[in-house]
Amino acid sequence: MSQEEPKITRAAYASKKGEIALREHEYDGIQEYDQLLPNWWLFIFFAFTFFFFAYWIIYYQFGLTRTDVERLEDRLAVINEAKAAALEELLANLDDDVLVTQLATDPEQLAVGHQVYTTHCLACHGADLHARISIGDGQFVNLPGRSLMDGEWEYGDTPMDIFRIINDGSPPGSSGFNGALMEAFGQRLPPTDIAAVTAYILRENAEQFDVPEISGP
Ligand code: HEC
């Protein structure tokens, strides 16, 4: 390039003449075009660079917005509060007597309880509540849960004790049954379902808990 020529880039000079300019270096026989990236490409590149930088400052440096974890925790807190309130409301009107004489004699409650049992409990406590499954020829295989028909209750034998073990699960520190623990179903099911399934278990053990006969029309 002589000194009289105006200073323009090699690429601009070449494209003016309808040529393609190559950069000087060459590696492994590969050469590069000496061209500007298109503006639309550059626009996206800088826009995203700026976006990232702003995001990094706002989100990570100053914590001006709330993180997903914080939002999740807030929502869980609201849900847990509502659940605790629902449990408290139910417990205010629930005692041994209500469970035995009202819920365990109410066909509607028993139907709900049976449904809950079939969906959530049967796998470990068995269809006949004996915590076993028949494999024919009068033989049985034991399931992980305790029998709910043997008249023995590991964690207390009042109706409310049974409600509690279902709602709260095995007490902290308990070694369980053959190493298996009972899950806290209060985490998963509404307290009304726990009460209904308790009523269903009481009905199945009607003799032990003196559950009155259902007097129907
Ligand atoms: C994954 C298996 C499993 C499921 C599902 C399960 N349980 Fe249990 N359950 C157990 C085990 C194991 C124990 C014994 C826990 C212990 O001893 O600490 C137990 C104990 C109990 C007890 C105390 C029994 C006793 O003899 O003291 C009751 C009542 C009970 N479960 C009811 C239920 C109900 C109602 C459901 C359904 C809502 C249910 N369980 C679902 C495994 C299960």
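The values are calculated or read from the model by the stated rules, or taken from the named source; none is laboratory data. Computed from a predicted model, the values in this text were never measured in an experiment. No Cβ is skipped: glycine too gets one built from the backbone with ideal geometry, and neighbour counts run over all protein chains shown. All accessible areas refer to the heavy atoms of the entire protein, side chains included, with ligands and DNA or RNA removed. Shrake-Rupley method; radii C 1.70, N 1.55, O 1.52, S 1.80 Å.
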Approximate spin-label separation Tyr27-Glu183, in nm, with each point projected 7 Å along Cα-to-Cβ = 5.6 nm
Based on the Cβ-Cβ distance of Leu91 and Ile135, what FRET efficiency does E = 1/(1 + (r/R0)^6) give at R0 = 41 Å, to the nearest 0.05?
-> 0.50
Total formal charge among the other residues, if their Cβ is under 11 angstrom from that of His120, Lys/Arg +1 and Asp/Glu -1 | -1
Run down the aspartates and glutamates and flag those whose C-alpha is under 17 Å from the C-alpha of Lys17, throwing out any fewer than 8 positions away in its chain.
-> Glu5, Asp34
Scoring only Lys, Arg, Asp and Glu (+1, +1, -1, -1) among other residues with Cβ under 15 Å from the Cβ of Leu143 yields -1
Just reorder Glu26, Glu207, Glu213 by solvent-accessible area, largest first, 1.4 Å probe, all chains present.
-> Glu207, Glu213, Glu26
Difference of contour (0.36 nm per residue) and Cα-Cα distance, Leu72 to Gln102 = 6.9 nm
For helix 68-92, what angle does its Cα long axis make with the longest principal axis of the chain, in degrees from 0 to 90 and rounded to 10?
-> 10 degrees
Of the heavy-atom accessible surface of segment 69-209 (probe 1.4 angstrom), what whole percent is carbon and sulfur?
-> 53 percent
Relative to a virtual label point 7 Å from the Cα of Asn142 in the Cα→beta-carbon direction, which members of segment 157-182 show backbone nitrogen distances below 11 Å?
-> 177-180
Pick out, from Ile58, Leu36, Ala21, the residue whose Cα sits farthest towards the positive end of the charge dipole of segment 10-61, with +1 on the Cβ of Lys and Arg and -1 on the Cβ of Asp and Glu.
-> Ile58
Give me the net charge of Ala196's neighbourhood, meaning all other residues with Cβ under 10 Å from the Cβ of Ala196; Lys, Arg count +1, Asp, Glu -1.
-> -3
Please work out the average accessible area per residue across the chain, using the 1.4 Å probe convention, and give it in Å².
-> 73 Å²
Mind pulling the angle between the C-alpha long axis of helix 159-168 and the longest principal axis of the chain? Nearest 10 degrees, somewhere in 0 to 90.
-> 10 degrees
Angle between the chain longest axis and helix 107-120 axis [Cα atoms, degrees, rounded to 10] = 50 degrees
Volume in Å³ per residue [convex hull over Cα atoms, computed for segment 10-61] | 121 Å³
Label model pair Glu213, Ile44: point-to-point distance (7 angstrom along the Cα→beta-carbon line) in nm is 8.0 nm
